[in-house]
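The values are calculated or read from the model by the stated rules, or taken from the named source; none is laboratory data. Note that the structure is predicted; figures quoted are calculated from it, not measured. Neighbour counts run over all protein chains shown; Cβ positions are idealised from the backbone, glycine included. Side chains included, ligands, DNA and RNA excluded: accessible areas come from the protein's heavy atoms. Shrake-Rupley method; radii C 1.70, N 1.55, O 1.52, S 1.80 Å.
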Amino acid sequence: MTSRAIALAALTVLELAPPDQVSCAAEAGYDYVGLRLLPATLEEVQHPMVGDTPLVRETARRLADTGVRALDVEIFRLKPGTAVEAYRAALETGARLGATEVLVTGNDLDESRLSDNFAAFCDLAGEFGMSGNLEPMPWTDVRDFAQGARVVERAGRRNAGVLIDPIHFDRGGSRVGEISAVPASRLRYMQLCDAPAERPQDTATLLHQARAERLMPGDGGLDLRGILRAVPRNIPISVEIPMQQLGRTMPAAERARRILDKTRQLLELP
């Protein structure tokens with residue numbers, strides 16, 4: 001059985017509050033969990049997960065009681081008017097929970113300014129022993145892997161990484177051969193999911209598939225084995241697989257368990 005560190009990403013079980021996500025990860029057999037401190041959309045349930053809140057304290061207690069560790073915290077957006085210092089309290093909370101990685105999105109068309117802000121963000125994250133990981137998504141202003149890698153290199157910080165999510169990697173038109181051009185130190189962890197091979201033809205379908213209806217590893221047509229061969233073999237994997245339709249009939253812990261089984265099967269393939 002693979003010894004690769006595998007985390008349960010928040011989006012996979014977003015119907016649960018953060019403390020219950022930790023318990024779900026423990027019940028399903030994960031060693032790590034990803035925690036969403038800041039919501040990705042206005043439509044999400046807003047959990048008070050920044051500062052010394054009762055929910056933060058309960059999440060910390062569950063982590064301590066179960067032995068599950070926090071891998072990353074999300075989602076930190078860099079916009080044209082973002083004041084990086086405003087994220088200090090959230091990063092301090094992430095560090096309190098034991099996370100080492102921070103998920104960042106680039107929502108700024110000015111690549112030079114975005115690179116400078118990402119560098120400043122990494123400096124702030126570094127104060128708490130964490131690294132910033134820029135995730136390209138085709139509907140953001142960092143649309144593909146090559147652009148994400150360029151922003152990260154331009155930022156020039158040792159604790160700066162670019163995050164591969166297979167569905168965004170594929171939908172952005174990126175190719176596995178591009179990964180080798182990036183220093184291994186820039187690939188600190190990766191996400192994992194599957195999806196139909198056919199790419200959506202409109203943004204609404206693209207967003208729905210990415211945010212609500214992905215597939216378990218091996219059930220779709222993405223080149224997961226190619227990506228896994230190209231990235232460093234020791235980096236942690238965060239499984240991010242929202243399945244809203246299946247979630248109506250299958251409890252979160254059972255979904256998480258099946259996803260973990262299929263992830264391990266994939267990792268054991270040559």
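Here Arg61 clears all of (1) over 21 Å from Phe118 (Cα atoms); (2) open to solvent by less than 40 Å² (accessible area, probe 1.4 Å) except the condition numbered (2).
Of the residues making up the stretch 210-234, just one is open to solvent by 30 Å² or more (accessible area, probe 1.4 Å), touching a residue at least 40 places away in the same chain (Cβ under 8 Å) and within 16 Å of Leu11 (Cβ to Cβ), namely Arg211. Scanning the stretch 66-83 for residues that are out of contact with any Asp or Glu (no Cβ under 7 Å at 6 or more places or on another chain) and either within 22 Å of Pro236 (Cα to Cα) or surrounded by 13 or more Cβ atoms within 10 Å (Cβ to Cβ) (or both) yields Thr66, Gly67, Ala70, Val73, Glu74, Ile75, Phe76, Arg77, Thr82.
Scanning the stretch 117-144 for residues that are in a helix (DSSP H, G or I) and among the small types (Gly, Ala, Ser) yields Ala119, Ala120, Ala125, Gly126. Right, Arg96: surrounded by fewer than 21 Cβ atoms within 10 Å (Cβ to Cβ) and either touching a strand residue (DSSP E or B) at 6+ places or on another chain (Cβ under 8 Å) or within 16 Å of Ala210 (Cβ to Cβ) (or both) or not? No, not satisfied. Of everything in the stretch 141-198, what is buried (at least 18 other Cβ atoms within 10 Å of the Cβ) and among the polar types (S, T, N, Q)? Give them in sequence order. Passing the criteria: Gln147, Asn159, Ser174, Gln191. The number of residues in the stretch 169-182 being assigned to a helix (DSSP H, G or I) and not aromatic (Phe, Trp, Tyr) comes to 8.
Residues of the stretch 108-126 that are touching a Leu at 6+ places or on another chain (Cβ under 8 Å) and either free of Cβ contacts under 8 Å to residues at least 40 places away in the same chain or within 17 Å of Asp165 (Cα to Cα) (or both): Asp108, Leu114, Asn117, Ala125. Taken over the stretch 214-248, the criterion of being in a helix (DSSP H, G or I), under 21 Å from Arg36 (Cβ atoms) and among the basic types (Lys, Arg) is satisfied by no residue. You will find that of Thr82, Thr66, Thr105, Thr93, the residue that is out of contact with any helix residue (DSSP H, G or I) (no Cβ under 8 Å at 6 or more places or on another chain), hydroxyl-bearing (Ser, Thr, Tyr) and touching a residue at least 24 places away in the same chain (Cβ under 8 Å) is Thr105 and no other.
Taking Thr93 as the residue in question, decide whether it is of a type in the set (Val, Ile, Thr) and closer than 21 Å to Gly161 by Cβ. For Thr93, the condition - of a type in the set (Val, Ile, Thr) and closer than 21 Å to Gly161 by Cβ - is met. Filtering the stretch 152-168 for residues that are in a helix (DSSP H, G or I) and in contact (Cβ under 8 Å) with a residue 60 or more places away in the chain leaves a non-empty set.
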